[in-house]
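The values are calculated or read from the model by the stated rules, or taken from the named source; none is laboratory data. All figures in this text were calculated on a predicted structure; none of them were measured in a lab. Cβ sites come from the backbone with ideal geometry, for glycine too, and all protein chains shown count toward neighbours.
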Amino acid sequence: MKLTANLPEPEEFGFEIVTRPRPPAPGRPTQFQFSVLEPKSRRLVRDFEVVHERIFHLFVIAENLEFFAHEHPQQTRDGRFRFSMALPHPGGYRFVADCYPRGATPQFLVRTIYTAGARPAGLPALAADRRPKQADNLRVELATEPAEPIAGKETLLFFRLSPGDGVEQYLGAWGHLLAASHDLIDLMHDHPLYVTPGPQIQFNAIFPRAVPYRVWVQFQRLGVVNTVAFTLPVKALS
């Protein structure tokens, strides 16, 4: 008898966003409604697997890369997800939903929302920034191997945290990382590969292109989630 793996074929699900008001007014609370839709039938998806303690992770990134949020909208009775937030300034924002529809494959769904008063914007000029960062109650230092990341090759990212006491898991992981290219085309969400005494927390990443990337990381200490950002230029393979 021939054995076959009963695995679903990977398909991209639909992702719809409705805002109130429409378009959002910068600096004022906006109500957001998110719907995940089946690929062919476009029926609303209501059942999701729990991944890292939530069924729906949402990342919001401004096109100038100066705003980042990691949120968890609540699912309501009709199966949609809702929450409220204020987008701080006029412009475009990438909304990235990380979810796992039951019986399907994990999804990383992206849509762009523009506020009222948004104007065409050029790409942000990102200079390298590896300086240690001080967040709410945690200092974060970054080292990479190789020292200059190479497009298409694996980069090891080592984050050293201080003080070392009281560091805790956040949403079932020792850290969360989201990397975005300067043009918001490449988006990656990842979790640590290793944790060593210090503590030092290691992520492994492959940056697809030779462009600058903004990297946000989140670590929890004594119940406080600390978010910091670094900027890494990525060079072409010579």
Give me the pairs, please: first residue somewhere in region 191-206 and on the phi > 0 side of the Ramachandran plot, second residue anywhere and buried (at least 16 other Cβ atoms within 10 Å of the Cβ), beta-carbon distance under 6 Å, and either six or more positions apart or on two chains.
-> 198/160
Say whether the condition of being on the phi < 0 side of the Ramachandran plot, part of a loop (DSSP other than H, G, I, E, B) and surrounded by 18 or more Cβ atoms within 10 Å (Cβ to Cβ) is met by at least one residue in region 157-170.
-> no
How many residues are farther than 19 Å from residue 127 by Cβ and not β-branched (Val, Ile, Thr) if we restrict to region 139-169?
-> 18
From the option list 197, 120, 149, 132, single residue qualifying as over 23 Å from residue 107 (Cα atoms), over 19 Å from the mean Cα position of the chain (by Cα), at pLDDT 95 or above and surrounded by fewer than 18 Cβ atoms within 10 Å (Cβ to Cβ) is 132
Over region 224-234, the set of residues over 18 Å from the mean Cα position of the chain (by Cα) and either polar (S, T, N, Q) or part of a strand (DSSP E or B) (or both) is 224, 233
For residue 237, work out the one condition from (1) buried (at least 16 other Cβ atoms within 10 Å of the Cβ); (2) in a loop (DSSP other than H, G, I, E, B); (3) not hydroxyl-bearing (Ser, Thr, Tyr) it doesn't fulfil.
-> (1)
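I'd like to know if region 109-116 contains one or more residues that are more than 19 Å from the chain's Cα centre (by Cα) and not in a strand (DSSP E or B).
To start, the set of residues in region 109-116 that are more than 19 Å from the chain's Cα centre (by Cα) comprises 115-116.
Add one more test, that the residue is not in a strand (DSSP E or B), and what stays is 115-116.
For region 109-116, residues more than 19 Å from the chain's Cα centre (by Cα) and not in a strand (DSSP E or B): present.
Listed here are the residues, each with its yes/no results for (1) out of contact with any Ser or Thr (no Cβ under 8 Å at 6 or more places or on another chain); (2) assigned to a strand (DSSP E or B).
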site: 22; (1), (2): yes, no
site: 27; (1), (2): yes, no
site: 30; (1), (2): no, yes
site: 35; (1), (2): yes, yes
site: 57; (1), (2): yes, yes
site: 78; (1), (2): yes, no
site: 88; (1), (2): yes, no
site: 124; (1), (2): yes, no
Considering only region 92-108, how many residues are assigned to a loop (DSSP other than H, G, I, E, B) and under 22 Å from residue 230 (Cβ atoms)?
-> 0
In region 80-111, what residues are surrounded by 15 or more Cβ atoms within 10 Å (Cβ to Cβ), among the hydroxyl-bearing types (Ser, Thr, Tyr) and within 17 Å of residue 51 (Cβ to Cβ)?
-> 100
Restricting the search to region 194-223, which residues are touching a Gly at 6+ places or on another chain (Cβ under 9 Å) and in a strand (DSSP E or B)?
-> 195, 201, 203, 206, 217, 218, 219, 220, 221
